[in-house]
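The values are calculated or read from the model by the stated rules, or taken from the named source; none is laboratory data. If you're wondering where the values come from, they're calculated on a predicted model, not measured in any experiment. Don't worry about glycine lacking a Cβ; one is built from the backbone with ideal geometry, like all the others, and counts go over all protein chains shown.
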């Protein structure tokens, strides 16, 4: 299924986002993750569902159940859908990235030889959601939850379609 390809790219995009750290690239990589995690469902519904009547019915049933339980699951409605709308419809980024700078060790020497500099992880970063239902939550962890939701959604739809095959 093509939705599986989108999901795989979403996982790669999350790793890119994580690797970008506090660089100018973090926002575009965030936008990619958000767009791709929502695209999983769109591709499933518009492309993959056309593969068979069983898959079309399984997708339609899964989507109907998702709409009936709104606002649950929150990860879909309050993050996947809401952040996609923020990014793609208003170009507002719900995530914030903070760099945390920790000073390295100071070296005081009364001799001519100074101990070799030891590299430390003095600078790190944290990402978090600025507002909304998930305000304050770690953005990376939230993306992982969203990807897990999309993955389970696909597995459930595939299983339902398989059970309907003659």
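With 55, 88, 97 as the choices, which residue is at pLDDT below 95 and assigned to a helix (DSSP H, G or I)?
88
Would you confirm whether or not the range 115-125 contains a residue that is assigned to a helix (DSSP H, G or I), under 26 Å from residue 8 (Cβ atoms) and either at pLDDT 95 or above or in contact with a helix residue (DSSP H, G or I) (Cβ under 9 Å, 6 or more places away or on another chain) (or both)?
No, the range 115-125 contains no residue that is assigned to a helix (DSSP H, G or I), under 26 Å from residue 8 (Cβ atoms) and either at pLDDT 95 or above or in contact with a helix residue (DSSP H, G or I) (Cβ under 9 Å, 6 or more places away or on another chain) (or both).
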**Q.** Any pair with Cβ under 9 angstrom, 6 or more apart, that starts in the range 144-166 at a residue that is loosely packed, with under 11 Cβ neighbours inside 10 Å and ends at one that is assigned to a helix (DSSP H, G or I) and modelled with pLDDT under 95
**A.** none
**Q.** Residues that are without any contact (Cβ under 8 Å) to a residue 24 or more places away in the chain and under 12 Å from the mean Cα position of the chain (by Cα), drawn from the range 1-41
**A.** 8, 12, 13, 15, 16, 29, 32
(Q) Of everything in the range 58-78, what is loosely packed, with under 11 Cβ neighbours inside 10 Å and in a helix (DSSP H, G or I)? Give them in sequence order. (A) 64, 65, 67, 68
Q. Of the numbered conditions (1) farther than 18 Å from residue 148 by Cα; (2) assigned to a helix (DSSP H, G or I); (3) touching a strand residue (DSSP E or B) at 6+ places or on another chain (Cβ under 8 Å), residue 30 satisfies every one except a single condition; which is it?
A. (1)
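Can you confirm whether residue 81 is closer than 15 Å to residue 150 by Cα and assigned to a loop (DSSP other than H, G, I, E, B)?
No: the conditions fail for residue 81.
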**Q.** Yes/no for residue 133 being at pLDDT 85 or above and assigned to a strand (DSSP E or B)
**A.** no
